[in-house]
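The values are calculated or read from the model by the stated rules, or taken from the named source; none is laboratory data. This one's a predicted model, so the numbers in the text were calculated from it and none came from an experiment. For neighbour counting, all protein chains shown are included, and Cβ atoms are generated from backbone atoms with ideal geometry for every residue, glycine included. Note: areas computed on protein heavy atoms with side chains; ligands, DNA, RNA excluded. Shrake-Rupley method; radii C 1.70, N 1.55, O 1.52, S 1.80 Å.
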Amino acid sequence: MSEQLEVLGEILARLIRDKEKFEKLLENPVDAHSDECARQALAGTELLIGDVNRQIEKVTAAELEAASDSEPQLATWFRIIE
């Protein structure tokens, strides 16, 4: 797995934790302003998660294309996915 995929995975994990935190804040709103801030933060976090997922797809596709030249690497990659 490339360093880039590793970093993107770490970013994605952090964003998912943040999303869960914002969802918990929405379960017990303190006031209207806090509720609105949590909703906006949640919406922004969801957009970022989508962007990171698209980056992961692009990097993965590029790595799979590069690995297609050597079959053993491709086979290893599919074992990792499973």
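Here are the numbers for the structure shown:
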| read-out | value |
| --- | --- |
| Checking VAL52 against (1) at pLDDT below 90; (2) open to solvent by less than 40 Å² (accessible area, probe 1.4 Å), the condition it does not meet | (1) |
| Residue pairs meeting the criteria (Cβ under 7 Å; at least 6 apart or on separate chains; first of a type in the set (Val, Ile, Thr), in the range 32-61; second open to solvent by 80 Å² or more (accessible area, probe 1.4 Å) and at pLDDT below 95) | VAL59/GLN4 |
| Qualifying residue in the range 2-15 (condition: touching an Asp or Glu at 6+ places or on another chain (Cβ under 8 Å), touching a residue at least 40 places away in the same chain (Cβ under 8 Å) and surrounded by 13 or more Cβ atoms within 10 Å (Cβ to Cβ)) | yes |
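Condition check ((1) under 27 Å from SER2 (Cα atoms); (2) at pLDDT 95 or above; (3) more than 16 Å from the chain's Cα centre (by Cα); (4) surrounded by 11 or more Cβ atoms within 10 Å (Cβ to Cβ)) across all residues:
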{"site": "LYS19", "(1), (2), (3), (4)": "yes, yes, no, yes"}
{"site": "HIS33", "(1), (2), (3), (4)": "no, no, yes, no"}
{"site": "ARG39", "(1), (2), (3), (4)": "no, yes, yes, yes"}
{"site": "LEU42", "(1), (2), (3), (4)": "no, yes, no, yes"}
{"site": "THR45", "(1), (2), (3), (4)": "yes, yes, no, yes"}
{"site": "ILE56", "(1), (2), (3), (4)": "yes, no, no, yes"}
